[in-house]
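The values are calculated or read from the model by the stated rules, or taken from the named source; none is laboratory data. Nothing here was measured: the structure is a model prediction, and the numbers come from that model. Cβ placement follows ideal geometry from the backbone for every residue including glycine, while neighbour counts extend to all protein chains displayed. We work out accessible area using only protein heavy atoms, side chains counted, and drop any ligands, DNA or RNA first. Shrake-Rupley method; radii C 1.70, N 1.55, O 1.52, S 1.80 Å.
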Amino acid sequence: MRKKIIAGNWKMNNGPKEAVAFANSIKDSINGADADVVFCVPFVSLIPVMEALQGTDIAVGAQNMHFEDSGAYTGEISGKMLAEMGVPYVIIGHSERRQYFNETNETVNLKAKKALACGLKPIVCIGETLSEREQGITVDLLRLQTRIAMLDISKEDAQKVVVAYEPIWAIGTGKVATNEQAEEACKAVRQVLSEIYDQATADAIRIQYGGSVSKDSAKGLFAMPNIDGGLVGGASLKSDFEVIARA
Ligand code: PGA
């Protein structure tokens with residue numbers, strides 16, 4: 001039985017002071033939820049939020065990392081550094097990083113492998129644009145993105161990966177996928193994982209849905225058989241996230 005995982009992606013919101021104030025305002029009502037709950041916060045807010053969350057079962061995650069341990073990469077943060085800080089999760093290949101920072105399926109794979117080597121649990125994002133959906137190539141695209149992301153990742157490590165299916169047309173638009181659309185896509189991802197590994201491994205990997213998840217849509221989405229929780233943007237910055245974490 002897969003444990004659900006609900007991650008809030010704060011994106012470039014909440015510097016240290018606001019982050020601590022917000023975490024303190026919602027932690028008590030989220031602590032003890034049936035799901036794993038993760039706040040993916042800006043790098044500069046990681047330590048203050050970790051301190052604020054001490055004594056709760058809420059975890060933190062970073063939103064990106066570099067695939068080298070160290071070196072001449074001005075402005076970058078490595079997985080090794082995150083691991084040293086005690087950060088358990090990291091989002092890899094969010095569509096905004098693919099779109100604005102030229103991340104590719106190949107860099108997503110390099111980052112996912114490095115995250116695992118550092119002992120971090122990667123939340124690997126995949127998803128189609130509206131035009132790809134309209135052309136009917138969503139499943140082909142998800143299969144390719146998943147195959148490349150998981151290249152050279154062992155069966156044991158694969159089970160530590162969380163895959164986030166995030167249709168790009170649903171992110172920040174208020175246009176949430178229907179339960180059936182989201183389930184169909186997550187099921188296709190589980191199918192390709194079973195082809196790469198085996199059914200037992202595919203059944204152990206958690207697959208989230210992300211894209212305009214709200215307190216109203218969360219329950220229906222998370223009840224679908226192949227959806228193991230959500231990656232939540234906008235609604236994770238509000239008290240609505242308490243309702244979503246408990247959905
Ligand atoms: P959204 O963002 O919930 O605001 O659509 C989701 C995401 O980008 O992970």
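Pairs over the 26 Å Cα-Cα cut-off, from the set 27/215; 27/175; 3/238; 11/155; 11/113: 27/175; 11/155.
Counting only DSSP beta bridges whose two residues both lie in the chain, roughly 0 percent are antiparallel.
Out of all Cα-Cα pairs in segment 152-197, roughly what percent, to the nearest whole number, are more than 13 Å apart? Of all Cα-Cα distances in segment 152-197, 63 percent exceed 13 Å. Under 17 Å from the Cα of residue 160, which aspartates and glutamates turn up, not counting those fewer than eight places away in the same chain? The qualifying aspartates and glutamates are 36, 152, 198, 203, 228.
FRET efficiency for the residue 3 to residue 131 pair, using the beta carbon distance and R₀ = 41 Å, is estimated at 0.70.
When the chymotrypsin sites (Phe, Trp or Tyr not before Pro) in segment 26-110 are filtered for DSSP coil states and for at most 13 other beta-carbon atoms within 10 Å of their beta-carbon, the remaining sites are 73, 101. Rounded to 0.05, the FRET efficiency of the residue 199 and residue 43 pair, given R0 = 35 Å and the Cβ-Cβ distance, is 0.40. Rg over Rh for the chain works out to 0.94, both radii taken from alpha-carbon positions and Rh defined as the Kirkwood radius.
The C-alpha atoms of segment 163-233 occupy a region whose extents along the principal axes are 36, 21, 18 Å, arranged from largest to smallest. Taking Lys and Arg as +1 and Asp and Glu as -1, the other residues whose beta-carbon sits under 11 Å from that of residue 48 total -1. Looking at segment 58-195, the pairs of alpha carbons with a distance over 18 Å make up 55% of the total.
Directionally averaged projected area (segment 128-247, Cα convex hull): 7.1 nm². For the chain, carbon and sulfur atoms together expose 52% of the accessible surface, with a 1.4 angstrom probe and every protein chain in place. Stretched out straight at 0.36 nm per residue, the stretch from residue 216 to residue 156 would grow longer than its current Cα-Cα span by 18.1 nm. Count Lys and Arg as plus one, Asp and Glu as minus one, and take only other residues whose Cβ is under 10 Å from that of residue 29; the net charge is then 0.
Heavy-atom accessible surface of segment 1-91, averaged per residue, reaches 48 Å², computed with a 1.4 Å probe. In segment 184-247, which trypsin sites (Lys or Arg not before Pro) fall in coil by DSSP and have 16 or fewer other Cβ atoms within 10 Å? Loop-located and lightly packed - 238.
Note on segment 1-87: with charges restricted to the Cβ of Lys and Arg (+1) and Asp and Glu (-1), its dipole about the Cα centre is near 260 debye.
Using the Kirkwood formula over every pair of different C-alpha atoms, what hydrodynamic radius in Å results for segment 3-75?
13.1 Å
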